[in-house]
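Visitor: The structure that follows is given in the form of C-alpha cells.
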Amino acid sequence: MNEATWLDPGLAAFYAVDTRLQGAEARILAELRPRMGSWSMLDVGVGAGRTTQHFAPVVAEYVGVDISPAMVAQCRRRFTAAPCRFEVADVRELAALGRHRFDFVLFSFNGLDYLAHDDRLRALEQIHAACRPGALFCFSTHNLRALGHLMRLRAQFTRDPAWLWRNLRNWVRWRLRHARHVAQVAAQERDWAIVNDGAHDCRLETYYVRPAAQLAQLEPAFGAVRVFTVAGRELAREELASSEDDWLYFLAEAR
C-alpha cells in the first residue's frame, strides 16, 4: 500500500525543504538528550533527513533507513560525518540491522500510517525486535477522532498563490472522490480505518486509529507509554478518549 508514491524520486527534493522538528519531537529530544550520548539510534522512514540534523549529533550511533533509494541518496549527500549511516530498508523486515541493537527508535511524521493493517503490526514486531530491552520507541499516528474535521476548507488557504491553487485543486478532487467515504467512516465506531485524506494529491491511503486501540497494538511488546499532542503537550490517559488532534505522538518502552 502506497509504495509506488514513496518510491517517486521527486519526493526527496520535496521533503528536503522541511528542516524543523515538530513540538512533540523537540520536547522528547530535550527530555532524552542528557541520556543519549552513548545510545544507538534507528530513524525509520528517515525521508530526506528532517530529523537527522537534530538527533544524530547527540547519539553515539545513528542509522537512518527508508524504503526510497532517492531519500537515502539525499541523506547520504547531506550528512557525511559520523555517526550517520543510511540504508535502504523496509520497516516490515529489519532483521538485517540486527536484533536488540538500538536504544532509541524513531518513526516520525506518521510513517507507520502508510502501511496496511497487517503490515503495521508486522512493523511493530520488527521494531521491537530491533530494540534492546528498555529501549524507547517514538512514533506518530493519525487520530481516528480527527476524521470529523478532516480536510477543512479554511486549512487550505495560504498566502502563496501557487500553493493556494494547488491546495484548492486537491481539496475539490478530494471532496468529489473521497469525502463521502471519510464521513461514513467517521460516523462508525471503528478502532481503526484506512481512508484517503488528500495527502500528496490524493495519492495516499492513510491509516487512522483511536488512541486506545493504538495502546492495545503496542501491548505486550511495549509499555510505560506516554502520549503527546503534535505541539508537545503530554496527555493524561483520561484525555485520550476525547482528543481530536489530527495526530498524536507515542513514546513507549520496549519490554
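Visitor: Select, from Ala96, Ala123, Ala129, Ala146, the only residue that is touching a residue at least 24 places away in the same chain (Cβ under 8 Å), part of a helix (DSSP H, G or I) and within 18 Å of Tyr62 (Cα to Cα).
Guide: Ala129
Visitor: Related question: Can you give me the number of residues within segment 101-120 that are farther than 25 Å from Gln22 by Cα and in a helix (DSSP H, G or I)?
Guide: Result for segment 101-120: 3.
Visitor: Here is a follow-up. For segment 219-248, name all the residues that are closer than 23 Å to Ala123 by Cβ and aliphatic (A, V, I, L, M).
Guide: Ala221, Ala224, Val225, Val227, Val230, Leu240, Leu248 - these are the residues of segment 219-248 that are closer than 23 Å to Ala123 by Cβ and aliphatic (A, V, I, L, M).
Visitor: Let me ask something additional. Which of the residues that make up segment 222-233 are touching a residue at least 60 places away in the same chain (Cβ under 8 Å) and touching a strand residue (DSSP E or B) at 6+ places or on another chain (Cβ under 7 Å)?
Guide: Selection gives Phe222, Phe228, Thr229, Val230.
Visitor: Out of all the residues in segment 219-238, is one or more crowded, with 18+ Cβ neighbours inside 10 Å and farther than 30 Å from Arg132 by Cβ?
Guide: No - not one qualifying residue is present in segment 219-238.
Visitor: Shifting gears a bit: Being over 30 Å from Val195 (Cβ atoms) and of a type in the set (Phe, Trp, Tyr) is the filter here, so list the residues in segment 65-120 that pass it.
Guide: Phe79, Phe86, Phe102, Phe104
Here is a yes/no grid of residues against (1) modelled with pLDDT of 95 or more; (2) not assigned by TED's automatic domain parsing to the domain that holds Phe250:
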position	(1), (2)
Asp103	yes, no
Gly111	yes, no
Leu136	yes, no
Ser140	yes, no
Arg159	no, yes
Arg166	no, yes
Asn170	yes, yes
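Visitor: Now for a different question. Being of a type in the set (A, V, I, L, M, F, W, C) and within 22 Å of Arg152 (Cα to Cα) is the filter; apply it to segment 242-255 and report the residue that is surrounded by the fewest Cβ atoms within 10 Å (Cβ to Cβ). Even if it seems obvious, please write down each step before you answer.
Guide: Residues of segment 242-255 of a type in the set (A, V, I, L, M, F, W, C): 247-248, 250-252, 254.
Filter again for within 22 Å of Arg152 (Cα to Cα), leaving 247-248.
Details: Trp247: 19, Leu248: 24.
This residue is Trp247.
Visitor: Read through the list (1) crowded, with 19+ Cβ neighbours inside 10 Å; (2) farther than 13 Å from Thr141 by Cα; (3) touching an Asp or Glu at 6+ places or on another chain (Cβ under 6 Å), then give the number of the only condition that Asp197 fails.
Guide: Condition (3) is where Asp197 drops out.
Visitor: Then there's this: From the list Ala252, Ala193, exactly one residue is under 24 Å from Asp119 (Cβ atoms), outside any helix (DSSP H, G or I), touching a Lys or Arg at 6+ places or on another chain (Cβ under 9 Å) and not aromatic (Phe, Trp, Tyr). Which is it? Explain how you work it out, then say what you get.
Guide: Working: Ala193 fails: touching a Lys or Arg at 6+ places or on another chain (Cβ under 9 Å).
Answer to the selection: Ala252.
Visitor: Considering (1) in a loop (DSSP other than H, G, I, E, B); (2) within 17 Å of the chain's Cα centre (by Cα), say which one Phe228 fails and leave the rest.
Guide: Failing condition for Phe228: (1).
Visitor: Further, regarding this structure: Can Ala187 be described as out of contact with any Cys (no Cβ under 7 Å at 6 or more places or on another chain) and not assigned by TED's automatic domain parsing to the domain that holds Ala123?
Guide: Here the answer is yes, as Ala187 does meet what is asked.
The values are calculated or read from the model by the stated rules, or taken from the named source; none is laboratory data. Predicted, not measured: the structure shown is a model, and the values here were computed from it. Please note: Cβ atoms are built from the backbone with ideal geometry, for glycine as well, and neighbour counts cover all protein chains shown.
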